Structures are given as structure tokens and as C-alpha cells.
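Report on the structure given below.
No value in this document is a laboratory result; all are computed from the given coordinates. A quick note: this is a predicted structure, and the numbers were derived from the prediction, not measured. Positions of Cβ are backbone-derived with ideal geometry, glycine not excepted, and every protein chain shown enters the neighbour counts.
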Amino acid sequence: MSLILKNANLFSYKFNEIWVGNILIDKNANKKILYSKEIGDLLDKTNEPDIIDCNGLLIMPAYFNAHFHSQRYFADLIATEENKIGLQKLDDIYAPLEKIWDAELLEAAAFYSAIRLLKNGTTQVIDMLYGPSMISFDNLKLIYDTYSRVGVNVIPVVAITDKYGFGIADNLLDVTEKWLKSQKGFIGLDHLFNIGTGTLTEVKRLEEKFKCGIYGHLAEYAFDQAHSIEKYKMSVVERLDSLGLINNSKNIFAGCLHVTNDDVVMLNKNNNNVVELYESSQWENKGYFSSEGLPLIMLGTDGMHSDMWQTMKNTYYFNTEYDKISIKEAISRLYQPHKYFTKFFPSVYDPTSLIIYNCPMINCINEELKPLQLLQIIDNKNIKYVISQGEVVCKDDKLVKIKEEEASYIINKQYKRLKSHKKNI
């Protein structure tokens, strides 16, 4: 079934302006999305389409969360000690829970995350997953399928690490290899202070085999950089480069708060993308992000919350002392994942994913709109429709593809199980 959005006011992140016209979405066509000033041109190309009149509505490309943790997002429902931050939070809260994740808990975390992400306009996400439970291909497939049932396209990334022992690391490498045989994706890396040279050598083998990038945290904590310099006599980026893991423009690294000037030059030279995590960096006192010398920057919520528009606003409004940026640059970072996946993984990126906001003022502003005005007129509580892969998957805050009460039953049941482990934190 095809869909026409007539009288559309579509924001173009490429040109930072509103385009006024009509849009045809046909997920079964070779070109899934077409634009025309005349609706008749689109009606001639399809039979019996559904039509949404977008008069008084604003259309935005749906958001892509470039760094998320569904397990931690779900686990934070029971983590009540606000004084635990940074590495202490990793060690005292998340690490004990990594041992208890099973298929039922993972499914609940995926449902909970997908629903919240979708209702906030995110239809695509990179979910970085931790723990021995990730040695199961079936668990990885369950997470992927659960997101898909809701209407969210997920790229699950297994964090390869030696912190559970070399046997577990080998199993994590094996499940990653098996996954990449069936799906486009990444080779995930834990913080480098948890990964030995032997494991990184195996990561290089997989990178060459699947022609994909590596994805992980890099110098997010000062300890990561200090550990690398003390133990290996080189910075984190130099260490990866010594193994041939930096010269790959498909790489994405999250954090990068404590990279050296030479690290920045190397990341820039090799066109590596970086994910800025402003909110979690500040909340957990990890350090300050500087974009100087880093032109390819994405945004992610780090599993703190599910609202990418809010993350963009916070990055613009509050990151003023160390990384003052314009609203155009903030929006560019919000939509950098779209550019990345269009270039490297066009089969993964979905151009037919859109958010439609109630926005009566748009008829007055439309083609005269300036990016700064978006901060005033966009509010996620005013989302009317979310379209994912050519289909309406959320309307007036109600899910379309699944019965939300059934998902809520699963979520609530597993929340009680998770809460029973609270004594371990």
C-alpha cells in the first residue's frame, strides 16, 4: 500500500529549509519516496493510495539514535542511587546486572526501549549490548525482532570485551561473526582498558572479512587514555592504529572526551565518525567534549532517555563553554547518521521514516522558516504520526503495529524480576 502526504511542509536537513509540496511513499517501489509540487503527478504513479492531508502539520525526517543501551535504559528503572556515577556506576550497578540478563529480560528491555524511542520520533537506533547473554545468537535475533515488531529498525552491536574472560570474548567474537553473515552491522568494542591485543587482532580479522567498521567507546573516561599510555606506551587511537583499526571511514566511536590532539588528527584524517554524548558526559562528570578538528559528529542519548530532539537541544543550549556551536551545526549532528548510512549502508537506512507534528504556525512560517525557530515550534508531545519504512506505526501516541497492552504486560512482568535483583546493586 502506498501513502501520499499532501500539502506537506517538509524540513530538509540538507538545506535547513522547508520544502512545500506533496510526497509519495511506496515501500515496494524501486524509489521509495517521490516529491512533487503537483499532487496529480504522484496520483498518476500509484493506485488507491492512503492520503494524509498535512495542512497545519510539520514533517521532519525521523530521528536516528546513534548510541543507545536498551539494557541500561531498562535497568535505570531500578537504579536509585544518584551518587553513583561514571566508572563507579558501571562497576556497582550495571556490572552485577550483566550476569542475569536472559531472553525474557532482553525482550522486555527491547520492547520498553523501542516504544519510548518510537513515541519520541526515533525509528532507527544503534543498540550497544553487554554481558555474557550476548554470546547467544538467538538472544540477538530476539532483540532485533522485538524492535522490528514495534516499528523501529535496530542495529544491535555486541560489545566485545575480555573482562569476562578470554573464553567469553571468543564467544562474543563468534556471535558477532555469525550475525554479520546475515545482517549489515558493526564489530563492537568495549572500553579499550577491557580489551587485550589478542582480542583486537581477532577484531581486525572480522573487519577485513566483512568490510565493516568498528563501533565502540573511545577515551570516554580519562582512565581509558591513562591506562593505554601507561600499559602500551601509546594513546588509545595510536593503539588501534598500530593494529590497522583506524584507517576505516566506516568506524564510529562514542565519547572521545579524552583524546589527544594527535588522536584528533588521526581520527579526522581517516574520516572516523564520533558520537557526542553531551548529557551523560555531564551527568556522570566524565569530561567535556570538543569538536575542534572532528567534522563528522553524531548524537546519541547513551541510554539515559529516548528523546533525540531533546538531546540536540541540550547539546546546543548548554554545551557553551567548551564546544559552542550554531543551531545549524546542532541539527547537522542530529542528522549525521542519516548521511553516514545513506553512504555506507543504503540498504539499512530508511528514507521513508518521517515524523509529522501538529504545528498550526507552519502555514504562516513555512518557506521562511529559520532553523532557530524549530526549537520553539517542535515539541514531541505534539507528534501526530510516526512513519517507519513507509508505514504509519504510531498515531496520536498510539502504537499501530502491536497491541501496547500486551507489550506492557511483558515489560511489567520483567521489571518485577529486575527489581528482585535490586539487592545486588
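Here is the size of the stretch 91-229 from its Cα atoms: Rg then Dmax, 15.1, 45 Å.
Put simply, the amide H of Leu277, placed in the peptide plane, has neighbours under 5 Å in Gly255, leaving out anything fewer than 5 places away on its chain.
From least to most packed, judged by other beta carbons within 10 angstrom and beginning with the fewest, Met361, Met134 follow the order Met361, Met134.
Subtracting the Cα-Cα distance of Arg417 and Lys398 from 0.36 nm times their residue separation leaves 4.2 nm of extension gain.
Straight Cα distances below 14 angstrom link Lys398 to the aspartates and glutamates Glu406, with same-chain residues fewer than 8 positions distant left out. Between the beta carbons of Thr342 and Ser36, assuming R0 = 22 Å, the FRET efficiency works out to 0.55 to the nearest 0.05. For the chain, the residue among His217, Gln282, Ile402 whose Cα projects farthest onto the positive side of the dipole built from Cβ charges is Ile402. Centre-to-centre, using Cα atoms only, the stretch 165-197 and the stretch 349-425 are separated by 31 Å. Taking other C-beta atoms within 10 angstrom as a stand-in for reagent exposure, Thr311, Thr146 fall in the order Thr146, Thr311, fewest first. Taking the chain as a Gaussian network of alpha-carbon nodes connected by springs under 10 Å, the highest mean-square fluctuation of the residues Ile365, Ile155, Ile378 belongs to Ile365. Simple spin-label estimate for Asn271 and Ser136 gives 4.0 nm between the two label positions (7 Å along the Cα-to-Cβ direction from each Cα). If you run the Gaussian network model on the chain, springs between alpha carbon atoms under 10 Å, then out of Tyr415, Tyr130, Tyr335 the most flexible one is Tyr415.
Show which aspartates and glutamates lie in cross-link reach of Lys401 when reach means a straight Cα distance below 14 angstrom and same-chain residues fewer than eight apart are skipped. Hits, sequence-local ones excluded: Asp145, Glu391.
The calculated P(r) of the chain, using every Cα pair and 10 Å bins from 0, goes 4, 22, 32, 26, 13, 3, 0 in percent. Straight-distance candidates among the lysines for linking to Lys178, with alpha-carbon spacing under 21 Å and chain neighbours fewer than 8 residues away dropped: Lys141, Lys204, Lys209, Lys211, Lys250. Filter the cross-link list Lys313/Lys370; Lys6/Lys32; Lys119/Lys339 down to pairs whose alpha-carbon distance in this structure exceeds 19 Å. Where the Cα-Cα span goes over 19 Å, the pairs concerned are Lys119/Lys339. Running a GNM on the chain with Cα contacts under 10 Å, which residue among Asn47, Asn363, Asn314 ends up with the highest mean-square fluctuation? Of Asn47, Asn363, Asn314, the Gaussian network model singles out Asn47 as fluctuating most.
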